[in-house]
Every structure is written in structure tokens, then in C-alpha cells.
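*Asks:* Take a look at this one; I'll ask things after.
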Amino acid sequence: MKIKDVMTREVVTVDPSTPLKEAARLLGAKGISGLVVMDGGEVVGVLSEADILVKEGGERVTHTGVLGWLFETGVSELEAKLAARTVGEAMTSPALTIGPDRQVHEAAARMIEDGVNRLPVVEDGKLLGIVSRADLVRAFTRTDAEIEEEIRTEIVKRTMWIAPEAVTVSVEGGTVTLEGQVETATDAELLPVFVERVPGVVEVRSALSYRDRGSKARV
């Protein structure tokens, strides 16, 4: 499943000069937790609830001596956010983005690695949508039939170039069972790996065999 299949296409945007109070009101009115910041048609940042909560937290505690040295990293950025009056002063920039044809599991990995809750979807510099953790969770709740169809068409046929009739795919409660005979040991090893990345899959049970006994699985 690709990002374009789960992203939200109607994106609420603001520009850097938007007052922070107005941005906070917009978040509440729209029932969303983040805004994409646009300047001259380009995505320049993201304003999240966390960025605004820095303001709500008030003045930071000043540390001296060794503690002051330990807390020095990030102090200037925090102070800038505390003093912010506009979106441009409070936003997180540059914005982390992702392309519409990237796989859903790539977005999930990036969100976890970078500690973000949403990614603007950009192609050739143009904003197409936004994908959030909530969108990824919804993708995980797909039916067994939808999961099976994606495995057959996107993984077995288009990714692995394996004849669909060579592999039997069954899905029950998110558990995928793969049976049949593929050409090589590498095919038998890689197919379950790709299937594990399909949104909604909770377990893969492989009973695949392979014809070319002279082949070796890739390390």
C-alpha cells in the first residue's frame, strides 16, 4: 500500500506570518493536531500542537554550572519558540516530507525514527496531501480480503515477478499463510519479508518450497 492510498488530500495550511493565536484557533476549529506551513508555494515547515504547547509551558528553568552545560543543547531553539508570536517563529523547520508513491511502512518507520506525528506528502515540490499516524493505523485495520488482494497483486506479481498461480495466499485475522513453489531459495526467503510489510499483516507463516536446489539464499 502506498502513501497516496491513505493520505488526506485536503490539507489545512498557513503561512509563516500567521499569528500564533490564529493558528491555535484554526487547530481547534478543524479538530486537527498540525498545520503545514507554506511560503511561495513551497512547504517550509510544520506547526504542531507541541510547538504551541511550548508557549503554554511558560519560561524555562535556568540551570547553572554543570547542569547549565548539559542543557545547553537546544536552548536557543527553545527560547525562540518561547518568544514566538507567529507561525514562522514557532514552527518546526525544515519539514520532513514523503513522496506519494512511497510505501506505508516507510512512513511509519520515519515517524518513529524522527518522533513526528505527520508527514506532508510532496511530489516535484508540490503539496499533494498529508499522512498522519492515525492514517497509518486506519490502514492497519483493513479486511483480510483487502490484505490478500494486495499481497497477490502488489507483492507476488509486481514486486517479486512470481506467477500468481505459483503461490497460494490465505489470510485470517491478519495472519498470512504462504504455500506453493517458487523458482529460487532467494524468492522463498524474500517473499515473506515483503509480505510482513503490508499494512494489516500481523504474522506470516511460510511453507514455500523452491525448484532450483542449486540456488542459495541471499545474505
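The values are calculated or read from the model by the stated rules, or taken from the named source; none is laboratory data. Model, not experiment: these values are computed from the prediction. Neighbour counts are summed over all protein chains in view; Cβ atoms, including those assigned to glycine, are modelled from backbone coordinates with ideal geometry.
*Asks:* Select from the stretch 122-155 the residues that are within 18 Å of the chain's Cα centre (by Cα) and of a type in the set (S, T, N, Q) and list them in ascending order.
*Replies:* Scanning the stretch 122-155 gives 132, 141.
*Asks:* Please state which one of 89, 106, 113 is closer than 27 Å to residue 20 by Cα, assigned by TED's automatic domain parsing to the domain that holds residue 44 and charged (D, E, K, R).
*Replies:* Working: 106 fails: closer than 27 Å to residue 20 by Cα; 113 fails: closer than 27 Å to residue 20 by Cα.
Going through 89, 106, 113 in turn, just one is closer than 27 Å to residue 20 by Cα, assigned by TED's automatic domain parsing to the domain that holds residue 44 and charged (D, E, K, R): 89.
*Asks:* Looking at the stretch 107-132, which of its residues are out of contact with any strand residue (DSSP E or B) (no Cβ under 7 Å at 6 or more places or on another chain) and not aliphatic (A, V, I, L, M)?
*Replies:* 113, 114, 115, 123, 124, 126
*Asks:* Restricting the search to the stretch 140-154, which residues are among the β-branched types (Val, Ile, Thr) and over 16 Å from residue 194 (Cα atoms)? Break it down into steps so the answer makes sense when it comes.
*Replies:* Initial filter on the stretch 140-154 (among the β-branched types (Val, Ile, Thr)): 141, 143, 147, 151, 153.
Listed by number, the residues that qualify are 141, 143.
*Asks:* Can you go through 11, 43 and tell me which one is part of a loop (DSSP other than H, G, I, E, B), surrounded by 14 or more Cβ atoms within 10 Å (Cβ to Cβ) and out of contact with any Asp or Glu (no Cβ under 9 Å at 6 or more places or on another chain)?
*Replies:* Numbers: 43 fails: part of a loop (DSSP other than H, G, I, E, B).
Selected residue: 11, the only one of 11, 43 that is part of a loop (DSSP other than H, G, I, E, B), surrounded by 14 or more Cβ atoms within 10 Å (Cβ to Cβ) and out of contact with any Asp or Glu (no Cβ under 9 Å at 6 or more places or on another chain).
*Asks:* Still on this structure, I have one more. Out of the residues in the stretch 129-163 that are under 26 Å from residue 32 (Cβ atoms) and charged (D, E, K, R), which is modelled with the lowest pLDDT?
*Replies:* First, the residues of the stretch 129-163 that are under 26 Å from residue 32 (Cβ atoms): 129-142.
From the residues that got through so far, the ones that are charged (D, E, K, R) too are 133, 135, 138, 142.
Details: 133: 90, 135: 89, 138: 85, 142: 88.
Looking at residues that are under 26 Å from residue 32 (Cβ atoms) and charged (D, E, K, R), I get 138.
*Asks:* Have a look at 3, 32 and point out the one that is at pLDDT below 90, closer than 28 Å to residue 101 by Cα and surrounded by 11 or more Cβ atoms within 10 Å (Cβ to Cβ). Break it down into steps so the answer makes sense when it comes.
*Replies:* Working: 3 fails: at pLDDT below 90.
After applying the criteria, what remains is 32.
*Asks:* Related question: Among the residues of the stretch 116-137, how many are under 17 Å from residue 198 (Cβ atoms) and either in a helix (DSSP H, G or I) or not assigned by TED's automatic domain parsing to the domain that holds residue 18 (or both)? Let's see the steps before the verdict.
*Replies:* As a first pass, look at the stretch 116-137 and keep what is under 17 Å from residue 198 (Cβ atoms): 131, 135-137.
So of that shortlist, the ones also either in a helix (DSSP H, G or I) or not assigned by TED's automatic domain parsing to the domain that holds residue 18 (or both) come out as 135-137.
Going through the stretch 116-137 one residue at a time, the tally reaches 3.
*Asks:* While we're on this one: Find all pairs meeting these conditions: Cβ atoms under 8 angstrom apart; at least six residues apart or on different chains; first residue within the stretch 160-183 and on the phi > 0 side of the Ramachandran plot; second residue among the acidic types (Asp, Glu).
*Replies:* If the second residue must be among the acidic types (Asp, Glu), the pairs left are 173/144; 174/144; 174/203.
*Asks:* Right, something else. I need the full set of residues from the stretch 157-191 which are assigned to a helix (DSSP H, G or I), in contact with a helix residue (DSSP H, G or I) (Cβ under 8 Å, 6 or more places away or on another chain) and crowded, with 19+ Cβ neighbours inside 10 Å, in order please.
*Replies:* Within the stretch 157-191, just 191 meets the criteria.
*Asks:* A further question follows. Out of the residues in the stretch 86-115 that are in contact (Cβ under 8 Å) with a residue 60 or more places away in the chain and outside any helix (DSSP H, G or I), state the one that is nearest to residue 51 (Cα to Cα).
*Replies:* That would be 91.
*Asks:* While we're on this one: Can you tell me which residues in the stretch 157-188 are in contact with a Phe, Trp or Tyr (Cβ under 9 Å, 6 or more places away or on another chain) and not hydroxyl-bearing (Ser, Thr, Tyr)? First the steps, then the outcome.
*Replies:* We begin by selecting, within the stretch 157-188, every residue in contact with a Phe, Trp or Tyr (Cβ under 9 Å, 6 or more places away or on another chain); these are 159-160, 174, 181-188.
Those that are in contact with a Phe, Trp or Tyr (Cβ under 9 Å, 6 or more places away or on another chain) and not hydroxyl-bearing (Ser, Thr, Tyr): 160, 174, 181, 182, 183, 185, 187, 188.
*Asks:* Still on this model: Answer with yes or no whether residue 205 is outside the structural domain of residue 110 (by TED's automatic domain parsing), assigned to a helix (DSSP H, G or I) and either more than 30 Å from residue 33 (Cα to Cα) or modelled with pLDDT of 95 or more (or both).
*Replies:* no
*Asks:* Residues of the stretch 20-55 being basic (Lys, Arg) and within 19 Å of residue 8 (Cα to Cα), which ones? Can you show your working first?
*Replies:* Initially, the stretch 20-55 is screened for residues basic (Lys, Arg), giving 21, 25, 30, 55.
Within the stretch 20-55, 30 is the sole residue that qualifies.
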